[in-house]
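The values are calculated or read from the model by the stated rules, or taken from the named source; none is laboratory data. These numbers were taken from a predicted model, which means no experiment stands behind them. Neighbour counts run over all protein chains shown; Cβ positions are idealised from the backbone, glycine included.
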Amino acid sequence: MLGIFIAHLVFALLMVGMLLSVIAYLILLERKTAAWMQDRLGPNRVGPKGLLQPLADGVKFILKEEFVPANADRILFLLAPIVIITPALCGFAVIPWGGVLGAGAHLPGWLGGWTFPKNFSVMVANPRIGVLFVIAMASLSVYGVVLAGWASGSKYSFLGGLRATAQMISYEIPLVLSLLSVAVVAGTLRLGAITSSQASYFSTIFFLPAWNVFIQPAAFLLFVTCIFAEANRAPFDLVECEQELVGGYHTEYSSMKFALFFLAEYAAMITGAAVAVALFLGGWHLPWIDQLIYPGAPGQPLVTGWGGVILKFVVFWAKVILFIFFYMWVRWTLPRFRFDQLMNLAWRTLIPLSLGTFLLAALFVYLRREGAIEHRGWLLLGNVALLAGTVAMNQLWPGESTNRRLPVFNSRYQSAAEVVRPN
C-alpha cells in the first residue's frame, strides 16, 4: 500500500510540473493561433520560431514591480490569486489519463526495478465521487474572482466581480445537469469508469464509437457552452472585457499576481478540456484500431502494460490539445455577447434544455431497468428531438428582441420608407 501511495504521489508531482509547462506553451499557441487567423506572424523573435517566448514572458512577470493599491484590502488582495489557481490545479487529480497499468508491471532498473503488486490507475486519485469533485472545484473558482474584485478597491474590478458572480452561478446549473445526465446513464460517478464504458461501439454492424458525445449530444453542447462561461473565455469574457471594465477583476494586479490569474485561466481550460474528453469524447479510447494495439477483453481494453498506457496517455492528450485549439478558434472567431444576452442564453435556453436532458436520461435509465428499451440509440434519438424542439421553440417564440433595428438618417443602408422622421 505504501508503494502504491508513493507511486500516486510521484505521478501527481510529475503531472503538476507537466501541466505548468503545458500552460506556458498554451499561451504561445494562443498567440500563434491568433496570428494565423489574423494573417500575421505572431511571436517570432525569442528563440527559434519564437519557441522561447514563454520563458521571456515568465522572466518579465518576475521582474515587474509589485503594486498594491492604497485603498485595497491587502490580505484579500494577496489571497485572491492563490484562491483562484488552487481549484484549477486540483481538478487534475481525478482525470483518468491513461487507463490502468496491469499488476506485475515493473519500473526500469535505473528507477529501482520496483514491481507493481496490483493494478495501478494512471490518475492521481480515483474517488467514488469524481464527477462531484469536478463540479466542486469548478464552483470554488468563483471565489477568487469575487475576492479580487472586492479587495482591489476599484469600481472596474468590483463590477467585474459582480458580473462573474452572476455569470458563474447561472452557468453552473446547466453545467451540473449536463454532467449528471452522463453519470445517471453510466450508473457511476467515477470518471475512470465512465471513460472505460465508452471503449465500445453501438453494435457489431454500426461501428460508431459509443462515446457520450454520440449518445447524449445535447449534454455535450451544454457542457461545452458552460465551460466556456466558467473559464471566462470569449464570447463569455464579460468579467474582464477591456472596452467596458479596463481589465475587470484583475485590473489592479501586476507582476506574478497577475500571472497567477493568467495561469488559472489556462489551467481551467485544460481541466475543462480534459473533463470533456473523459466524459464525452472517449478519453484514451482510440476507435476502430483499439483491439489491434490494446490487449484485453473485447470492448474493454482497460488493463494494459507500459506500451498501452503510454499510447493511451498520448491519445488522451492529443484530444485535449485539439479541444483547447477549439477554445482558441472560438475566441478569435465569435464576437463577445452583451451581458443581457449572456443571461438570456443561460436562463431562457440552457437551463430549460439541461432540465430536459437530465429528465430524458433518467427516463431512459428507468425504461431500461424495466426492460422496455435496451439500446442506447433511443437516448440519441431523444437528444436529437430535444435539440430540434429547442431550436423550433426559439424560432417560433423568440421573445422580446434586444437587437431592434434603429433608424439611421441619411444612411445608404436604409431606405427612406423605413425611416420615420421625427416631427
Worksheet item: Given the conditions (1) surrounded by 23 or more Cβ atoms within 10 Å (Cβ to Cβ); (2) over 30 Å from Ala70 (Cβ atoms), which single one is not true for Gly187?
Response: (1)
Worksheet item: Any idea how many residues of the stretch 1-40 are touching a residue at least 60 places away in the same chain (Cβ under 8 Å), within 27 Å of Ala88 (Cα to Cα) and either out of contact with any helix residue (DSSP H, G or I) (no Cβ under 9 Å at 6 or more places or on another chain) or not in a helix (DSSP H, G or I) (or both)?
Response: 4
Item to complete: Return only the number of the condition from (1) surrounded by 19 or more Cβ atoms within 10 Å (Cβ to Cβ); (2) more than 23 Å from Lys312 (Cβ to Cβ) that Phe220 does not satisfy.
Response: (2)
Practice prompt. Would you be able to say whether some residue in the stretch 280-303 is at pLDDT 90 or above, under 25 Å from Ser181 (Cα atoms) and either in the same structural domain as Thr195 (by TED's automatic domain parsing) or crowded, with 22+ Cβ neighbours inside 10 Å (or both)?
Written response: yes
Worksheet item: Quick check, is Leu55 loosely packed, with under 14 Cβ neighbours inside 10 Å, of a type outside the set (D, E, K, R) and under 30 Å from Phe11 (Cβ atoms)?
Response: yes
Discussion item. Looking only at the stretch 145-169, count every residue that is at negative phi and either not in a helix (DSSP H, G or I) or not assigned by TED's automatic domain parsing to the domain that holds Glu252 (or both) and tell me the total.
Written reply: 2
Practice prompt. Could you run through the stretch 115-141 and say how many residues are among the β-branched types (Val, Ile, Thr), at pLDDT below 85 and surrounded by fewer than 21 Cβ atoms within 10 Å (Cβ to Cβ)?
Written response: 1
Worksheet item: Looking at (1) in contact with a Cys (Cβ under 8 Å, 6 or more places away or on another chain); (2) loosely packed, with under 14 Cβ neighbours inside 10 Å, which is the one condition that is false for Glu370?
Response: (1)
Fill in: Yes/no for Phe337 being in a loop (DSSP other than H, G, I, E, B) and buried (at least 18 other Cβ atoms within 10 Å of the Cβ)
yes
Discussion item. Here is a check on your reading of the model: is Ser197 in contact with a helix residue (DSSP H, G or I) (Cβ under 8 Å, 6 or more places away or on another chain), farther than 20 Å from Asn126 by Cβ, of a type in the set (S, T, N, Q) and in the same structural domain as Ala276 (by TED's automatic domain parsing)?
Written reply: no
Practice prompt. Would you mind telling me which numbered condition in (1) more than 26 Å from Met137 (Cα to Cα); (2) under 24 Å from the mean Cα position of the chain (by Cα) Pro87 fails?
Written response: (1)
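Yes/no matrix, rows are residues, columns are (1) touching a residue at least 40 places away in the same chain (Cβ under 8 Å); (2) within 30 Å of Leu279 (Cα to Cα); (3) touching a Leu at 6+ places or on another chain (Cβ under 7 Å):
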residue	(1), (2), (3)
Gly42	no, no, no
Val46	no, no, yes
Pro54	no, no, yes
Asp57	no, no, no
Lys64	yes, no, no
Ala72	yes, no, no
Leu79	yes, no, yes
Worksheet item: Can Val185 be described as of a type outside the set (Lys, Arg), at pLDDT 85 or above and within 20 Å of Ala362 (Cβ to Cβ)?
Response: yes
Practice prompt. Could you look through the stretch 366-391, keep only residues that are under 25 Å from the mean Cα position of the chain (by Cα) and of a type in the set (Val, Ile, Thr), and pick out the one that is farthest from Val184 (Cα to Cα)?
Written response: Val391
Discussion item. Conditions first: (1) under 31 Å from the mean Cα position of the chain (by Cα); (2) surrounded by 15 or more Cβ atoms within 10 Å (Cβ to Cβ); (3) assigned to a loop (DSSP other than H, G, I, E, B). Val68 passes all but one, so which condition is the exception?
Written reply: (1)
Practice prompt. Given the conditions (1) exposed (fewer than 13 other Cβ atoms within 10 Å of the Cβ); (2) assigned by TED's automatic domain parsing to the domain that holds Val145, report the number of the one that Leu79 does not fulfil.
Written response: (1)
